[in-house]
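See structure below.
The values are calculated or read from the model by the stated rules, or taken from the named source; none is laboratory data. None of the values given here were measured: they were computed from a predicted structure. Cβ sites come from the backbone with ideal geometry, for glycine too, and all protein chains shown count toward neighbours. Please note that ligands, DNA and RNA were not included when accessible areas were found on the heavy atoms of the full protein model with its side chains. Shrake-Rupley method; radii C 1.70, N 1.55, O 1.52, S 1.80 Å.
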Amino acid sequence: MMEKMIFGRYIPAVSPMHRMDPRSKIILVFLFVCVVFIANNAITYGLLAIYTFLMVLSSKVPIRFILGGLRIVLWLVLFTLVLHLFFTKEGEVLFHWGAISIYEGGLKQGIFISVRFFLLILMTSLLTLTTTPIEITDGIEVLLNPLKKIKFPVHELALMMSISLRFIPTLMEETDKIMKAQTARGVEFSGGPIKDRVKAIIPLLIPLFIGSFKRAEELATAMEARGYRGGEGRTKYRQLRWSLVDTVMLLILAVVTAALVLFRS
Amino acid sequence: MDISLQQVEYRYQANSPFERLAIQNVSIDIPSGTYLAIIGHTGSGKSTILQHLNAILRPTEGKVVIGDREVTNAKKQKNLKEIRKRVGIVFQFPEHQLFEETVEKDICFGPMNFGVSEADAKVRARRAIKQVGLSEDILQKSPFDLSGGQMRRVAIAGVLAMEPDVIVLDEPTAGLDPRGRKEIMDMFYQLHKERNLSTVLVTHSMEDASQYADQIVIMHQGQVYKKGTPREIFYSPEGLIELGLDVPEVVRFQQKIEETFGTKLAKTCITLDELTDEIEQLFKRGEPK
């Protein structure tokens, strides 16, 4: 039932995206998130879309799979579009019917912002799809290292992240199991009137919460039993290595950025 | 209620990079009143079969006939609740499904979902809690204050209170101590006899299967490896041992005797008493010399 979720999921493959160092991948996605905001007309958004599309292609993650997984997000994107259509009142009136009027500016804004939103989500999911959770946290930990000087708990933050990422699939599995067990007891999660479906959440959420608390406690005990005492003096088994792919990928983004600045109006 | 699986195939996450074939070409008949045991290693497809029995999963290929309903992949099925009312599943570690404030409410949850009135559900809860060997005063407690074994029993009572025609058990005794194990297995067996239920037991334990089941299905790598009565299955235990499956102690002992004395006993023994009789016969005949 939760089979189609792609958030926090890693898909193993051999591709430039997979080969990149997690640090450069995180930087890349972070820069992309900033760069997206440079675009402000059809050409620049087109350029961005092409770039993102090529990145997705190069990652060798099946496109159908990504789009299937993003179906829920698409609703959000559509919602944004509709919101803009009705509430941005700029430019000429394109359409008028009773109290509703749609403006040219609204249409443009709506499309641009939805495209921007969609590309952002696509790129960030690409990060988690091509990087194992452990790599991501390793990368973040190293990138945030300078903050240690101001007593920022970098290691703890990284640990928290890796634990939560690690337990997403477990939680999904658990959700699936409990849903099945309650379905067998006559709960209908899909179909049926809305009122019943909302009520169906309780028999799902309570066991899920109780299970999570129990697991958290067990995990803490297991970590302590294995002598965990924070990040002090810890060495790394997986060493991060910057290679040619990383430099090339960042250069490509730099070129795209330059083009965006050039073509923006 | 008869259930029959006909050339059932199931793929998890079909059409994704994670697609995995779980079972293939599985045909099993479960006539009303049968006690069927499904045995196999982890990952042999046992649990997948089980979820087909009340249409939680729909076969990607083939069909499942449950009573007069036919479940296939073809069209969106309506009113599966009717099936689920009549086929109760006790999942592995069923205590994870408890959620209500009191034991009584939790047991009543299933029956009330299937349209039983609150008063009737409470009567059923009282009956079910006794069936699983707990006392009535536990009904007003929170399920989360109970011990693990008690929680398991409460969860089982929750399924029994639905009063299904077919009861499906997924390793109902996993993680229990030997005594609790036997009590629960005996309880299900008694229920099976008294109410003339169909029972499907998914288990690792050959001992349980040989002791309680009329029919055994052995699963191996998503396919039916062998099916038959316990006697047929254990007539030639070599294949099972090759698969790395357990063989009941009685069967193993008989095999050792036959090996040691170079003779065959008259029949494949399933229970200890049978084996004792057979060995007695053997010695009376004057063999082995």
How would you rank A:228-237, B:31-40, A:142-151, highest first, on the average number of other Cβ atoms within 10 Å across their residues? B:31-40, A:142-151, A:228-237
Of A:Ile27, B:Ile257, which has the most accessible area and how do the rest follow, probe 1.4 Å? A:Ile27, B:Ile257
How many angstrom separate the Cα center of the range A:83-148 from the Cα center of the range A:168-213? 31
In terms of the charge dipole of the protein assembly as shown, which places +1 on Lys and Arg and -1 on Asp and Glu at the beta carbon, the residue among B:Tyr235, B:Leu245, A:Val255 farthest towards the positive end is A:Val255
Once the piece of chain linking A:Ala258 and A:Val82 is laid out straight, how much longer is it, given 0.36 nm per residue of separation minus the C-alpha distance between them? 60.2 nm
Here the relative contact order (percent) of the range A:146-225, from C-alpha pairs under 8 Å and at least 6 apart, is 22
In a GNM of chain B with a 10 Å cut-off on Cα contacts, which of B:Leu98, B:Leu201, B:Leu53 has the highest mean-square fluctuation? B:Leu98
Taking the alpha-carbon centre of each part, the distance from the range A:11-29 to the range B:258-289 in Å is 67
I'd like to know which of A:Leu219, A:Leu147, A:Leu159 lies farthest towards the positive end of the charge dipole of the range A:146-225, counting +1 on Cβ of Lys and Arg and -1 on Cβ of Asp and Glu. A:Leu147
Sorted by accessible area with a 1.4 angstrom probe, largest first, how do A:Asp21, A:Asp196 fall? A:Asp196, A:Asp21
I'd like the mean, over residues of B:88-98, of how many other protein chain beta carbons sit within 10 Å of each residue's own Cβ. 5
Of B:Lys141/B:Lys193; A:Lys60/B:Lys46; B:Lys227/B:Lys256, those spanning more than 27 Å from alpha-carbon to alpha-carbon: B:Lys141/B:Lys193; A:Lys60/B:Lys46
Would you list, by chain and number, the aspartates and glutamates whose Cα falls below 17 Å from the Cα of B:Lys284, excluding same-chain residues fewer than 8 positions away? B:Glu258, B:Asp273, B:Glu274
Which one, A:Met55, B:Pro17, B:His52, projects farthest toward the positive side of the charge dipole computed for the protein assembly as shown from Cβ point charges (K/R +1, D/E -1)? A:Met55
Chain A, Gaussian network, Cα under 10 Å: of A:Thr44, A:Thr130, A:Thr183, the residue fluctuating most is A:Thr183
Helix B:249-261 vs. chain B, principal-axis angle (Cα, 0 to 90°, nearest 10): 10
Mind giving me the nanometre distance, one decimal, between the label points for A:Ala220 and A:His96, set 7 Å out from Cα along Cα→Cβ? 6.5
The computed P(r) of the protein assembly as shown puts the percent of Cα pairs beyond 38 Å at 48
A:Arg166 label point, 7 Å along Cα→Cβ, cut-off 16 Å on backbone N: hits in the range A:122-150? A:132-141
Under a Cβ-only charge scheme (Lys and Arg +1, Asp and Glu -1), can you give me the dipole magnitude of the range A:146-225 about the Cα centre, in debye to the nearest 20? 240
Could you put B:Asp273, B:Asp170, B:Asp177 in order of accessible surface area, largest first, with the 1.4 Å probe and the full protein assembly present? B:Asp273, B:Asp177, B:Asp170
Could you order peptides B:215-223, B:232-240 by the average number of other Cβ atoms within 10 Å of their residues, highest first? B:215-223, B:232-240
Average partner chain C-beta neighbours within 10 Å, per residue of A:184-197? 5
Label-reachable residues, the range B:101-139, where backbone N falls under 12 Å from a point 7 Å from B:Lys193's Cα toward its Cβ: none
Cα axis of helix B:272-284 to longest principal axis of chain B: angle in degrees, 0 to 90, nearest 10? 10
Return one number: the angle in degrees, 0 to 90 and rounded to the nearest 10, between the long axis of the Cα atoms of helix B:178-195 and the longest principal axis of the Cα atoms of chain B. 80
Reachable aspartates and glutamates from A:Lys89, criterion Cα separation under 15 angstrom, eight or more residues apart if same chain: A:Glu104
Highest GNM mean-square fluctuation among B:Val200, B:Val116, B:Val166, for chain B with Cα springs under 10 Å, belongs to B:Val116
Considering lysine pairs in the range A:146-225 that are 8 or more places apart or on different chains, how many have Cα atoms under 22 Å apart? 5
17 Å Cα-Cα reach of B:Lys130 towards aspartates and glutamates, excluding residues that sit fewer than 8 places from it in its own chain: B:Glu104, B:Asp106, B:Asp120, B:Glu163, B:Glu183, B:Asp186, B:Glu194
Quantify how strongly other chains surround peptide A:61-69 by giving the mean number of their Cβ atoms within 10 Å of each of its Cβ atoms. 2
